[in-house]
Amino acid sequence: MRDAARAACVSRALLRSWRCHSNLNFSKETLGLNENACGKDEAVRVFYSKVDHILKRHSGIGLKKLKILIDSDYSAKDSRYLNNWLWTAVAPGIEELTLILVPFGAKYNFPCSLLSDGSGDSIQYLHLARCSFRPTATLGGLRSLTRLHLCLVRITGDELVCFLTHSPALERLELRSCDKIVCLKVPRLLQQLNYLEVSGWAKLKVIENEAPNVSSFAFGGGNTVQLSLGETLQMKSLSMSRCGSIFYARAELPSSMPNLEALTVHSHTERAYAPMLRSKFPHLKRLSIALTGVSSPAYDYLSLASFFDAAPSLETFDLNIMQI
């Protein structure tokens, strides 16, 4: 009896602690679900049942981080679950919200109204993947948001600008494969923004950055995308993956970004003609060059040595060449 009473006390203490747990991370892995052992359908059923059970009994007090990763088949019924979970968990005080839908055909509309009326004012990190995110002017923004990561999210350029203009504390903006955006505009009022990453979709035509303090820029995409990066003298780190990026680094960067400290360029094809570097990168310390795919047989790889003369402070150099 004494042991049973002690166990009951411990159980109640754990339950109280769990109901106020500050970090909730839901995935099949974190819930210990093995499809090979119980079958795919049963794993899905148990996943939704467990998450629903936990969130319905969570007090909502002290919740700082919520991460939900769904890698199973997705249906309209699942949308109702997600909506209920988010409305239960997202409240003033939450700092990080991550929602990742792995199924390619998932069609979930993130409820932007969830973030209105002050509920989203404490969010510092928002990560959404494979869903629709349709913010409007009535939503406003997230005044504490410092990092926004959107991957395979259906959002237009105008909707994104509307959201960004109401998120003045933003420091990092990461956009990957958001193929509804044709023209990406980063507004000037993002004075704290220092990192911008854009990669992975074919419809993008223009990147226009007006944020004045971006010091790190990463881009991966087609060479037809027009880059207008605004003030670039403060740029310290650049990563670029596109055809002709080595040519671009030689011809444009020494004059436009003379204060670079780290440069990474990845190209699938390069022009046979390689301009010599006439200006220098006096502060460049790390240089990584990758040339993969089909390149002109006349390309002068030895000309890459001109980077050494142009970068007197260089400490690290990586070169990766792979031809098909």
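Where a number appears in this text, it was derived from the coordinates with a stated rule and is not lab data. Please read these numbers as outputs of a predicted model, since none were measured by experiment. Cβ sites come from the backbone with ideal geometry, for glycine too, and all protein chains shown count toward neighbours.
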task = Take the chain, connect every pair of alpha-carbon atoms lying under 10 Å apart with a spring to form a Gaussian network, then pick out the residue of THR88, THR98, THR138 with the largest mean-square fluctuation.
result = THR138
key: Residue among LEU204, LEU33, LEU173 with the largest mean-square fluctuation in a Gaussian network model of the chain, springs linking Cα atoms under 10 Å   = LEU33
query = Could you give the nm distance between label points at ASN36 and SER303, where each point is 7 Å from its Cα heading toward the beta carbon?
reply = 5.2 nm
request  = Evaluate the distance, in nm, between pseudo-label points positioned 7 Å from the Cα of THR136 and of ARG271 along their respective Cα→Cβ axes.
outcome  = 4.9 nm
ask   = So what J values fall out for the stretch 83-100 if you push phi through Karplus, 6.51 cos²θ - 1.76 cosθ + 1.60 with θ = phi - 60°, rounded to Hz, Gly and Pro as x?
value = 4, 4, 4, 5, 5, 6, 8, 7, 8, x, x, 5, 10, 10, 9, 10, 10, 10
note = Taking every DSSP bridge whose two residues both lie in the stretch 179-314, the antiparallel percent to the nearest 5 is 0 percent
task = Return the distance in nm (one decimal) between the two label points of a simple spin-label model at ALA202 and SER279, each offset 7 Å from Cα along Cα→Cβ.
result = 3.5 nm
query = Considering the chain as a Gaussian network with a 10 Å cut-off on Cα pairs, which listed residue, LEU302, LEU291, LEU314, attains the greatest mean-square fluctuation?
reply = LEU302
key: Set of the stretch 103-139 residues, backbone N closer than 19 Å to the point 7 Å along the Cα-Cβ line of LYS67   = 103, 123-131
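So, R0 is 45 Å and r is the distance between the beta-carbons of ASP52 and VAL182; what FRET efficiency does that work out to, to 0.05?
E between ASP52 and VAL182, to the nearest 0.05, is 0.70.
Express in nm, to one decimal, how much length is gained between ASP318 and SER79 on full extension, taking 0.36 nm for each residue of separation and deducting their alpha carbon distance. Let's see the in-between values first.
Working: separation 239, 0.36 × 239 = 86.04 nm, distance 4.62 nm.
Between ASP318 and SER79, full extension yields 81.4 nm more.
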note = Options [x] 19.7, 58; [y] 20.6, 68; [z] 24.2, 86 are given for Rg and Dmax of the Cα atoms in Å, and the computed one is [z]
remark   = With the dipole of the chain defined by +1 on each Lys or Arg Cβ and -1 on each Asp or Glu Cβ, the option from PRO254, GLY118, SER228 whose Cα lies farthest towards the positive pole is GLY118
Amide proton proximity set for SER239, modelled H, under 5 Å, gap of 5+ = PHE217, ALA218, PHE219, THR264
